[in-house]
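Notes to accompany the following structure.
Computed from the coordinates by the stated procedures, all read-outs in this text should not be read as laboratory data. Everything numeric here is computed off the predicted structure, so don't read it as measured data. Here Cβ is always computed from backbone atoms with ideal geometry, including for glycine, and neighbour counts include all displayed protein chains.
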Amino acid sequence: MSESRPPFPPFTQETALRKVRVAEDGWNNRDPYKVSLAYTMDSQWRNRSEFPKGREQVVEFLTRKWAKEKEYRLIKELWAYEGNRIAVRFAYEWLDDTGQWFRSYGNENWEFDENGLMQKRYASINDLPIAENERKFLWPQGRRPDDHPGLSDLGL
């Protein structure tokens, strides 16, 4: 039996928006193994200077990422979609081991297989040091509440 992760391509605005929110929710739960299940077994990534391939490397990458990026909170926003591809912009806030807060901004291009699993993920990300009083992502760790503003609403 093949794995599947609805919604499936080709995407509509409604299904693309749902796919983006499901991805955001998964990453905010910070469980590397569960997040990896949204990707094909042979998925290809570009994330900054790393190029994980396949679920095992995705789990290793995310484990390292979330060990470094404490208090991680992410918001994703749909930018564009067509066929089996979705483009998103995102921002996330995190705390490093020295007590410095950051807001990381980025863009991702996603490509999905027919079963709704992401087969390619290309991310470009920049980090901005911020003061703790500049934080905007203030919900308890985990899923962003439905009534919390998105990126556009926050002016990001």
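Tabulated data
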| item | result |
| --- | --- |
| Some residue of the range 138-156 being surrounded by 14 or more Cβ atoms within 10 Å (Cβ to Cβ) and of a type in the set (Phe, Trp, Tyr) | no |
| Test for Glu77: is it touching a strand residue (DSSP E or B) at 6+ places or on another chain (Cβ under 8 Å), assigned to a helix (DSSP H, G or I), within 18 Å of Ser124 (Cα to Cα) and not hydrophobic (A, V, I, L, M, F, W, C) | no |
| The listed residue being farther than 25 Å from Pro6 by Cα and touching a residue at least 12 places away in the same chain (Cβ under 8 Å), out of Leu128, Leu117 | Leu128 |
| Enumeration of residues in the range 71-115 that are touching a Gly at 6+ places or on another chain (Cβ under 7 Å) and closer than 14 Å to Leu128 by Cβ | Phe90 |
| Test result for Asp96, farther than 28 Å from Ser4 by Cβ, out of contact with any helix residue (DSSP H, G or I) (no Cβ under 9 Å at 6 or more places or on another chain) and surrounded by fewer than 16 Cβ atoms within 10 Å (Cβ to Cβ) | no |
| Complete set of residues in the range 21-50 that are farther than 23 Å from Trp79 by Cβ, acidic (Asp, Glu) and free of Cβ contacts under 8 Å to residues at least 40 places away in the same chain | Asp31 |
| Qualifying positions in the range 23-43 - crowded, with 16+ Cβ neighbours inside 10 Å and farther than 21 Å from Glu71 by Cβ | Ser36, Ala38, Tyr39, Thr40, Ser43 |
| Residue satisfying all of: in the range 106-131; under 21 Å from Val58 (Cα atoms), part of a loop (DSSP other than H, G, I, E, B) and not polar (S, T, N, Q); farthest from the chain's Cα centre (by Cα) among these | Glu114 |
| Selection count where residues are within 27 Å of Thr98 (Cα to Cα), assigned to a helix (DSSP H, G or I) and within 17 Å of the chain's Cα centre (by Cα), scope the range 132-156 | 1 |
| Which listed residue, of Arg46, Arg64, Arg89, Arg103, is surrounded by fewer than 20 Cβ atoms within 10 Å (Cβ to Cβ) and not in a strand (DSSP E or B) | Arg64 |
